[in-house]
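First up is the structure itself, then whatever we jot down about it.
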Amino acid sequence: MAAPHSSALTLPDRALRSATAHTSVLVGLEANPITVEVTCSRGPAFFQLVGLAEAAVREARVRVAASLSRLGVLLDEHAVTVNLAPADLKKRGAGLDVAIALALLGALGRLPSPALADVIVLGELGLDGGLRAVRGVLPQLLGARARGVRQAIVPASNAREAGLVGEMTVLVATELEGIVAHLAGVRPLNSVSPTPHTPSIEGSGGLDLCRVRGQSSARRALEVAAAGAHNLLMIGPPGGGKTLLARLVPTLLPPLDLGEAIEVTAVHSVAGLVDAEVGVVKVRPFRAPHHSVSDAGLVGGGDSPRPGEVSLAHRGVLFLDELAEFRRSALEALRQPLEDGVVCIARARSRAWFPARPMLVAAVNPCPCGYRGHPSRECSCSSQAALRYLSRLSGPLLDRIDVHVSVPPVDPRALISPGLAESTSAVRARVLAARQRASKRAGELGLGATVNAALTDAELERVVALDTESRQLLEHAVARLGLSARAFTRIRRVARTIADLEEQRDVRAPHVAEAIQGRLVDQGLCG
């Protein structure tokens, strides 16, 4: 586009002109609409930006001025005031650059004001006027669509992500000049193509359950946990295969459907983890933070709230190896997200929300040295030391883990025995069938939860009608083991999953007995 003649931008002395553009900022996953108001007049040059803007937003003055100079628009003789409304909402990030530049061009008379009225613009500017990708494009477009906005302009490098948004015209640009030409009616921008979602199952790097020798109880626990999306705790000494089993869990889960993929992609977009070439998260996340992770790193937080590992693992697997080595405060912070499926990060001026429904898989040693109860290795820990070690895991936290399983050392005879165990594909087929039965039942009964781990107490009453034998068995277990009401509920959920795996419509005593067994691995740990 040719640079405009300077006289076209000349304003009468003291004339004040204004224009507005529309954008948004994220607080958590909530897109908050921002109106960029610009007034401009001839006079002593200054650029004033108000509206509770943080440093990256205030620095937009430099990027905007450099980008406009590429269009032949100089601000040397103009007094510019930019207001970001609402004024009480803190503005973060560089994604407001393009909106500020367009509103300024409107105030200078370079763009017709009506062209900016019904479009939301997102993007960071480079000094050469090029558009750079920004985080959180997907949740911002979804929020704009919910508010009734029907057209948006985003950087071309965010095109694949923006293509997940339907029922909205999303245009892409590589530079500010192209947006100006489009809004002036000179040269239209291209719209994004819908981003295809092809469901995919997480790979395991060539590993397969058939290669796992022995550990029949642990294999069964993995199957039950995957079928019902239940949290799982594996207890045993080093070398038993706990980490390997945990990394095989995603290969047993069904692929993400489109709705789940959009949820997961939105969280990863805010964190800046979406591959621009793909634009969508296609496999269930698997997150395995180190035990030194901070509280904010695990559950989310920071001055500018960001999702933690529990939210980045949403709809996937959160693996916590060496569970007792994690900070006590970090583990306790997990309790509420595991119960509610959401993280709320409260600040003085706002609250940020992130979804948090991962399948928690945890592994823990029985003592500090790890060899308590080992058949051939001597434990060097005293009983008091082992008790102190396991006491790092609180009862309320363990109550939120549905299935506990012992993972003992592998029998040497199993290592050298011929033949292979059941493969991942065979187990996955049963898991998918059980999930389909649960989903079909939820549809027929109008339940909100499509996986058994998420069933509410009221929904459990409808899908787990215990007969006399099952009820007596469960009541006896609760009385003898001193189980909490939460553990009682989780046993029933697990029993429902076991019945689904056995293709049984009703929950019976054997299903309940197996579910109770999942609370008996170590009374000192699970009590």
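The values are calculated or read from the model by the stated rules, or taken from the named source; none is laboratory data. This one's a predicted model, so the numbers in the text were calculated from it and none came from an experiment. Backbone-built Cβ (ideal geometry, glycine too); neighbour counts: all protein chains shown.
This table checks each residue for (1) assigned to a loop (DSSP other than H, G, I, E, B); (2) over 17 Å from D118 (Cα atoms); (3) touching a helix residue (DSSP H, G or I) at 6+ places or on another chain (Cβ under 8 Å).
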site: V170; (1), (2), (3): no, no, yes
site: E177; (1), (2), (3): no, yes, yes
site: H182; (1), (2), (3): no, no, no
site: R187; (1), (2), (3): yes, yes, yes
site: H197; (1), (2), (3): yes, yes, yes
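Give the residue that is modelled with the lowest pLDDT, with candidates limited to residues of region 293-308 that are surrounded by fewer than 23 Cβ atoms within 10 Å (Cβ to Cβ), on the phi < 0 side of the Ramachandran plot and not hydroxyl-bearing (S, T, Y). Applying the filter and picking the extreme gives D303. Among the residues making up region 88-128, those that are of a type outside the set (A, V, I, L, M, F, W, C), touching a Lys or Arg at 6+ places or on another chain (Cβ under 8 Å) and assigned to a loop (DSSP other than H, G, I, E, B) are D88, K90, G93, G95, G109, D118, G123, G126, D128. Is region 359-379 home to any residue that is in contact with a Gly (Cβ under 6 Å, 6 or more places away or on another chain), within 30 Å of A454 (Cβ to Cβ), assigned by TED's automatic domain parsing to the domain that holds T251 and surrounded by 16 or more Cβ atoms within 10 Å (Cβ to Cβ)? No, region 359-379 contains no residue that is in contact with a Gly (Cβ under 6 Å, 6 or more places away or on another chain), within 30 Å of A454 (Cβ to Cβ), assigned by TED's automatic domain parsing to the domain that holds T251 and surrounded by 16 or more Cβ atoms within 10 Å (Cβ to Cβ).
Is it the case, given these coordinates, that R496 is touching a residue at least 60 places away in the same chain (Cβ under 8 Å), surrounded by 14 or more Cβ atoms within 10 Å (Cβ to Cβ) and closer than 18 Å to D402 by Cα?
yes
With respect to (1) crowded, with 19+ Cβ neighbours inside 10 Å; (2) closer than 20 Å to E339 by Cα, the lone exception for S470 is condition (2). Inspection of region 230-242 finds a residue satisfying the criterion of being part of a loop (DSSP other than H, G, I, E, B) and modelled with pLDDT of 95 or more. Just one of the listed residues (R430, R413) is modelled with pLDDT under 95, assigned to a helix (DSSP H, G or I) and charged (D, E, K, R), namely R413.
Answer with yes or no whether A276 is buried (at least 20 other Cβ atoms within 10 Å of the Cβ) and either at pLDDT below 95 or not in a loop (DSSP other than H, G, I, E, B) (or both). Taking the combined requirement at face value, the residue does not satisfy it.
From the residues in region 454-483 that are β-branched (V, I, T) and free of Cβ contacts under 8 Å to residues at least 12 places away in the same chain, which one is farthest from D506 (Cα to Cα)? Going through the qualifying residues, I end up with V478. Listed conditions (1) more than 27 Å from H314 (Cα to Cα); (2) in contact with a strand residue (DSSP E or B) (Cβ under 8 Å, 6 or more places away or on another chain); (3) not hydrophobic (A, V, I, L, M, F, W, C) are all met by N231, apart from (1).
Scan region 101-120 for residues that are surrounded by fewer than 24 Cβ atoms within 10 Å (Cβ to Cβ) and among the aliphatic types (A, V, I, L, M) and the total you get is 6. Please verify whether region 453-464 includes one or more residues that are under 17 Å from E514 (Cα atoms), assigned to a loop (DSSP other than H, G, I, E, B) and not small (G, A, S). Yes, there is a match, as at least one residue in region 453-464 is under 17 Å from E514 (Cα atoms), assigned to a loop (DSSP other than H, G, I, E, B) and not small (G, A, S). Look at A276 and say whether it is over 15 Å from V343 (Cα atoms), in contact with a His (Cβ under 8 Å, 6 or more places away or on another chain) and among the small types (G, A, S). Criteria not met by A276.
The condition (being within 30 Å of C367 (Cα to Cα) and crowded, with 19+ Cβ neighbours inside 10 Å) is satisfied by just one residue among V427, V407: V407. Is at least one residue of region 146-155 in a strand (DSSP E or B) and farther than 26 Å from L29 by Cβ? Looking through region 146-155, none of the residues is in a strand (DSSP E or B) and farther than 26 Å from L29 by Cβ. If the condition is being surrounded by fewer than 21 Cβ atoms within 10 Å (Cβ to Cβ) and among the hydrophobic types (A, V, I, L, M, F, W, C), then region 230-261 contributes L244, L258. Give the residues of region 344-378 that are under 16 Å from the mean Cα position of the chain (by Cα) and more than 18 Å from L320 (Cα to Cα), sorted by residue number. Those that are under 16 Å from the mean Cα position of the chain (by Cα) and more than 18 Å from L320 (Cα to Cα): C344, I345, A352, W353, F354, P355.
Note on region 320-349: residues that are closer than 22 Å to E263 by Cα and of a type outside the set (V, I, T) total 10. The number of residues in region 285-327 being touching a Lys or Arg at 6+ places or on another chain (Cβ under 6 Å) and more than 27 Å from A346 (Cβ to Cβ) comes to 1. Number of residues in region 81-116 that are out of contact with any strand residue (DSSP E or B) (no Cβ under 7 Å at 6 or more places or on another chain), touching a residue at least 40 places away in the same chain (Cβ under 8 Å) and within 20 Å of R150 (Cβ to Cβ) equals 3.
Quick one: would you say R349 is surrounded by fewer than 15 Cβ atoms within 10 Å (Cβ to Cβ), assigned by TED's automatic domain parsing to the domain that holds H314 and not aromatic (F, W, Y)? So R349 passes the test. Scanning region 69-80 turns up at least one residue that is out of contact with any helix residue (DSSP H, G or I) (no Cβ under 8 Å at 6 or more places or on another chain), assigned to a helix (DSSP H, G or I) and over 18 Å from T23 (Cα atoms). In this structure, V64 does not satisfy being closer than 25 Å to V274 by Cβ and in a helix (DSSP H, G or I).
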